[in-house]
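Reading through the structure tokens given below for one structure.
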Amino acid sequence: MERRQVLHVLALGSIGTALGQTPAWAAEIGQPWGYGGETGPDHWGDLSPEFQVCGLGQAQSPIDLHHPVPATLSPITLNYHPVPLTLLNNGHTIQVMIDGDARGGNTLDLEGKRYTLRQFHFHHPSEHTVAGSVFPMELHLVHTHDDGSIVVLGVLIQAGRKNPHLTPIWNAMPAHVSKAQTVPNVRMNPHDLLPPEGDTFRYFGSLTTPPCSEMVSWLVFQRPIQASRSQMDQFAQIFPNNARPVQPQNHRLVLESHRGEDMG
């Protein structure tokens, strides 16, 4: 079987994992993996047959966002509203879950398709870089469609003012692996964690965690949001490094929008 066919089969095989009972976007799969040592990113592709795309894939994420091509891109429309704050420490990140009852109203419309927000989580330092520059943190908002495709909004986080919208998450985030817990009487709107300007870098890539399935449309905001050093240090105490290194861009284009997006 040719290499391209192998990668196609592996990617299709990962879709069930990515959207099934133990979804890959939730970083809750059975085979142990991590960010250092023998289970770190350099070895993910060797840990399990389900992870082979991590080592063989040609459209892996994250990447360095450099020399983007200016383009008129399809607008994104976000339909977000406040939801109960439900979060967990899955051993790889702090993840905020969007519960089933609220999920229907938290959607993203792109190119005629409606994607559902499933969860968002954080990386320290940033996974994507911009012209070689690393940011202290990065936020990923993961949206899925019934056909198995995924759209992830990436939000770079730079040091600056204390971010009040992170405060309820930071106050509740578990220091150790935990089950999902809902914080009483706390609701939050994911829209509050986005930059006010909607211009994005866009490219096609993969999940940045095993099984690294190549079925993700990445929209990374060009302008970062801010968080205080103390907020970043608090997260770093739990996760000193939970970022996959940048991957080869290969022949992929990075597109860059130059007009305000419809952010809902």
* To do: Could you pull out every residue, at least 5 positions away or on a different chain, whose amide H is within less than 5 Å of the one on Leu166? Hs are placed 1.01 Å off N in the peptide plane, and Pro or chain starts have none.
  => none
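Can you figure out the FRET efficiency of Ser74 with Arg229, using R₀ = 41 Å and their beta-carbon distance, to the nearest 0.05?
After rounding, the FRET efficiency stands at 0.65.
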* Each residue of region 223-238 in order: what ³J(HN,Hα) in whole Hz does its phi give by Karplus 6.51 cos²θ - 1.76 cosθ + 1.60, θ = phi - 60°, with x for Gly and Pro? -> 9, x, 9, 10, 8, 7, 4, 5, 5, 5, 5, 4, 5, 5, 5, 8
* **Relative packing of peptides 48-58, 155-165 - highest average C-beta neighbours within 10 Å first** => 48-58, 155-165
* Residues whose placed amide H lies under 5 Å from that of Thr107, excluding near-sequence neighbours -> Asn79, Tyr80, Leu117
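Quote to one decimal, in nm, the extra length available between Val134 and Thr182 on full extension: 0.36 nm per residue of separation minus the C-alpha distance between them.
Details: separation 48, 0.36 × 48 = 17.28 nm, distance 3.24 nm.
This chain segment gains 14.0 nm when fully extended.
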* To do: Using θ = phi - 60° and the Karplus relation 6.51 cos²θ - 1.76 cosθ + 1.60, list the HN-Hα couplings for region 161-174 in order, rounded to whole Hz, with x at every Gly or Pro.
  => 6, 4, 9, x, 6, 7, 3, x, 5, 5, 5, 10, 5, x
* Asked: What does the convex hull of the Cα atoms come to per residue for region 155-245, in Å³?
  -> 139 Å³
* Structure fact -> Counting only residues 5 or more apart in sequence or on a different chain, those whose built amide H sits under 5 Å from that of Gln247 are Ile63, Asp64
* Applying the Karplus parametrisation 6.51 cos²θ - 1.76 cosθ + 1.60 with θ = phi - 60° to the phi angles of region 247-252, what ³J(HN,Hα) value in whole Hz is obtained for each residue in order, glycine and proline being reported as x? -> 10, x, 6, 6, 9, 7
* To do: Sorted from largest down, give the three principal axis spans of the alpha carbons of region 58-257, whole angstrom values.
  => 46, 34, 32
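The numbers here are math on the coordinates, done by the rules we state, and not lab data. Computed from a predicted model, the values in this text were never measured in an experiment. All Cβ positions, even for glycine, are placed from backbone atoms using ideal geometry, and neighbour counts span all protein chains on display.
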